[in-house]
Amino acid sequence: MSLKNIEELNAMHLDVLRELGNIGSGNAATSLSSFMNKEININVPDVKILGFNEVAEYVGGPEHIVMGLLIMLDADINGMILYILDEEFVKNVVEVFFGKEFTVFQDLDEMELSAFSEIGNIMASSYVNALSSMTGMTINISSPAITVDMAGAILSVPSAKFAEIGDKVLFIDDSFGVGINAEKVQSSMILVPEMDSLNKLFERLGVM
């Protein structure tokens, strides 16, 4: 029986997505460690079904300024991945990777923004490669579109583009540390697949 919207996902579906997220996060940790030349530790991700308003509150409120990395998916899976990075995440990366103190988002230069774009590409590729490996599906990703804005404004993009799936999304919450004994920082990933794609994914995995 096909799923009509994300709210119909049950515990088994979420367990599968959590395991995929775990594999993707492990791959991302390895790739990010090589990219940044630092030890990266990532916790087991938590997968939730949240409304867009709930996501905004979860990341600090709709007026909270964050960095958004938007990646489009196509081929066998169509949809988008949106990463929301808060100041602590950005501060951690800027200080460790560039050896300088982070003040405000507006002070990030072109090189630093390019680094975050590559980090988004690494994280999305790691998750997508985990999906492809387990299902044999072909999934293409776009280059990340990067923006700094209020969380509510950034979340309005997937909300408008994928209104047909309802107002719920898959919210995958990671935390990771850069370097030994580093304080953990949050990375929030919103996965918004088209329902036909999600049904195809679960069918390939034998979970319906």
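Tabulated data for the structure shown
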{"item": "Flag for Phe105 being in contact with a strand residue (DSSP E or B) (Cβ under 8 Å, 6 or more places away or on another chain) and of a type in the set (Phe, Trp, Tyr)", "result": "yes"}
{"item": "Residue check, Glu7 on the phi < 0 side of the Ramachandran plot and loosely packed, with under 15 Cβ neighbours inside 10 Å", "result": "yes"}
{"item": "Cβ-Cβ under 8 Å pairs, at least 6 apart or on other chains, region 28-49 side in a loop (DSSP other than H, G, I, E, B), far side β-branched (Val, Ile, Thr)", "result": "Lys38/Val96; Lys38/Val178; Glu39/Val178; Glu39/Ile180; Pro45/Ile172"}
{"item": "Which numbered condition Ala75 misses (of (1) modelled with pLDDT of 85 or more; (2) among the aliphatic types (A, V, I, L, M); (3) on the phi < 0 side of the Ramachandran plot)", "result": "(3)"}
{"item": "Which listed residue is at pLDDT 85 or above, of a type in the set (S, T, N, Q) and either within 24 Å of Gly152 (Cα to Cα) or outside any helix (DSSP H, G or I) (or both), from Asn129, Asn121", "result": "Asn121"}
{"item": "Wholly within region 134-190, strands (runs of 3 or more DSSP E) carrying at least 2 residues that are at pLDDT below 70 and closer than 22 Å to Leu108 by Cβ", "result": "168-178"}
{"item": "Hey, Gly24 in contact with a Ser or Thr (Cβ under 8 Å, 6 or more places away or on another chain) and not in a helix (DSSP H, G or I) or not", "result": "no"}
{"item": "Positions within region 8-36 being closer than 23 Å to Gly206 by Cα and hydroxyl-bearing (Ser, Thr, Tyr), in sequence order", "result": "Ser25"}
{"item": "Region 16-27 residues that are farther than 13 Å from Leu170 by Cα and in contact (Cβ under 8 Å) with a residue 40 or more places away in the chain, paired with ones that are buried (at least 18 other Cβ atoms within 10 Å of the Cβ) and among the acidic types (Asp, Glu) (beta carbon under 6 Å, 6 or more apart)", "result": "Ser25/Asp174"}
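Yes/no matrix, rows are residues, columns are (1) polar (S, T, N, Q); (2) buried (at least 16 other Cβ atoms within 10 Å of the Cβ); (3) over 16 Å from the mean Cα position of the chain (by Cα); (4) under 27 Å from Glu110 (Cα atoms):
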residue: Leu17; (1), (2), (3), (4): no, yes, no, no
residue: Ile23; (1), (2), (3), (4): no, yes, no, no
residue: Ser34; (1), (2), (3), (4): yes, no, yes, yes
residue: Asn37; (1), (2), (3), (4): yes, no, yes, yes
residue: Val66; (1), (2), (3), (4): no, yes, no, yes
residue: Asn78; (1), (2), (3), (4): yes, yes, no, no
residue: Ile81; (1), (2), (3), (4): no, yes, no, yes
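The values are calculated or read from the model by the stated rules, or taken from the named source; none is laboratory data. All values derive from a computational prediction rather than experimental measurement. Neighbour counts run over all protein chains shown; Cβ positions are idealised from the backbone, glycine included.
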